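Taking it in order: structure first as structure tokens, then the write-up.
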Amino acid sequence: MLQKYINLKSNKVELTPVIVFPDNPKVICLEPEFISPQDGAEKQDCELNAAERWIGRNAFSAEKNIIILGDDLFSREPFCKPALSKGFHFVLVCRPDSHKTLYEYVDFFEKNNDIKTLSFRKWNGRFHELFNFRYCNALPIKDGEHTLQVNWVEITITNASTGIISYKNSFITDFELNSNSVPFIVQAGRARWKVENENNNILKTKGYHLEHNYGHGDKYLSSIMVTLNILAFSAHTFLEFVDLTYRAVRQKSAARKRFFHDFNTLTKYLLFDSWQHLINFMSTQLKIPNSA
């Protein structure tokens, strides 16, 4: 049912959408949406405004059954309604302290035994975990008439031996929840954390130096520098998908920083006719079997 997920993540400077896959360690960066004052706007720009602009600009892709993932910031009617109107789906974190009306309904239905549950046990490679779900369909996202109806699910994961809770969270979605769909919906919602590990952390600590302050300079310098970093990361990710020789060299180099160091050293002292010449040279010197 769920095939393609786009996670919206804000770092107060830009919105960084990435395509994530629950069972795949790689992410694919998309064009960022910068949080900056817009021409003619009277109010300061914000993350939600940036997200709405991104949705409007990418509405053409909604027909491909794209599911928007995001944190509690985005689980608001002013974001969810435009997303649905453009054809997107969503799985968004929904916390009790910021959705009082919705959780009042959850408490009411729970007292009347109308909250459905699902539980199963799973081995994680070290010990068994208990997955407990609570879910309910058609809850108002906020107070008021004609408010958007969403479907709510909560997950709690505990160590089957010790009873210690290792994870607890809740999400809202436009997908109908039942015993078959709930595990997949939650798996999708949890995949949003890949933007931290496989995207932001790599850009900041693995050789792209995005942790540097690009705020110095006139007008659009910082935006240009961030965009160039993201483009570089996107190009390298794309090459790992489609270029077997590049993939083999990267795997042999292990650490991404080491690969960049080797790359810089070679191009400093040697002249290569093309990118392919460089990658083939590295493959030969590393004694990698023909991977083309």
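Before moving on, here are some points about what is shown:
- When Glu33, Glu129, Glu52 are checked against the criterion of being surrounded by 12 or more Cβ atoms within 10 Å (Cβ to Cβ) and at pLDDT 95 or above, Glu129 stands alone in meeting it.
- Within the range 233-255, considering residues that are more than 21 Å from Thr284 (Cβ to Cβ) and surrounded by 17 or more Cβ atoms within 10 Å (Cβ to Cβ), the one modelled with the highest pLDDT: Thr237
- Contacts under 7 angstrom Cβ, first residue in the range 249-272 being without any contact (Cβ under 8 Å) to a residue 40 or more places away in the chain, partner β-branched (Val, Ile, Thr), 6 or more apart: Val249/Ile279; Val249/Ile288; Lys252/Ile288
- Within the range 221-289, helices (runs of 4 or more DSSP H) holding 1 or more residues that are touching a strand residue (DSSP E or B) at 6+ places or on another chain (Cβ under 9 Å) and not basic (Lys, Arg): 221-242
- Residue within the range 166-188 that is of a type in the set (S, T, N, Q) and at pLDDT below 85 present: no
- Test: residue in the range 275-283 that is touching a helix residue (DSSP H, G or I) at 6+ places or on another chain (Cβ under 7 Å), under 30 Å from Phe21 (Cα atoms) and modelled with pLDDT of 80 or more: yes
- Against the conditions (1) closer than 30 Å to Arg57 by Cα; (2) free of Cβ contacts under 8 Å to residues at least 12 places away in the same chain; (3) of a type outside the set (Ser, Thr, Tyr); (4) surrounded by 13 or more Cβ atoms within 10 Å (Cβ to Cβ), Glu145 satisfies every one except (4).
- Given (1) at pLDDT below 80; (2) farther than 30 Å from His236 by Cα, index of the condition Asp72 fails: (1)
- Inclusion of Lys168 among residues that are within 25 Å of Phe21 (Cβ to Cβ) and surrounded by fewer than 13 Cβ atoms within 10 Å (Cβ to Cβ) is warranted.
- The range 189-220, subset among the aromatic types (Phe, Trp, Tyr) and not in a helix (DSSP H, G or I), residue modelled with the lowest pLDDT: Tyr214
Results for (1) in the same structural domain as Leu8 (by TED's automatic domain parsing); (2) over 19 Å from Glu52 (Cβ atoms); (3) without any contact (Cβ under 8 Å) to a residue 40 or more places away in the chain; (4) part of a loop (DSSP other than H, G, I, E, B), shown as yes or no for each residue.
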position	(1), (2), (3), (4)
Phe90	yes, no, no, no
Phe109	yes, yes, yes, no
Val150	yes, no, no, no
Ile157	yes, yes, yes, no
Phe171	yes, yes, no, no
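- Test for Ser85: is it of a type in the set (S, T, N, Q) and farther than 16 Å from Ile172 by Cα: yes
- For the criterion of being of a type outside the set (A, V, I, L, M, F, W, C), crowded, with 17+ Cβ neighbours inside 10 Å and in a helix (DSSP H, G or I), Tyr135 fails.
- Of all the residues in the range 95-127, those that are under 16 Å from Pro183 (Cβ atoms) and not small (Gly, Ala, Ser) number 8.
The values are calculated or read from the model by the stated rules, or taken from the named source; none is laboratory data. Please read these numbers as outputs of a predicted model, since none were measured by experiment. Positions of Cβ are backbone-derived with ideal geometry, glycine not excepted, and every protein chain shown enters the neighbour counts.
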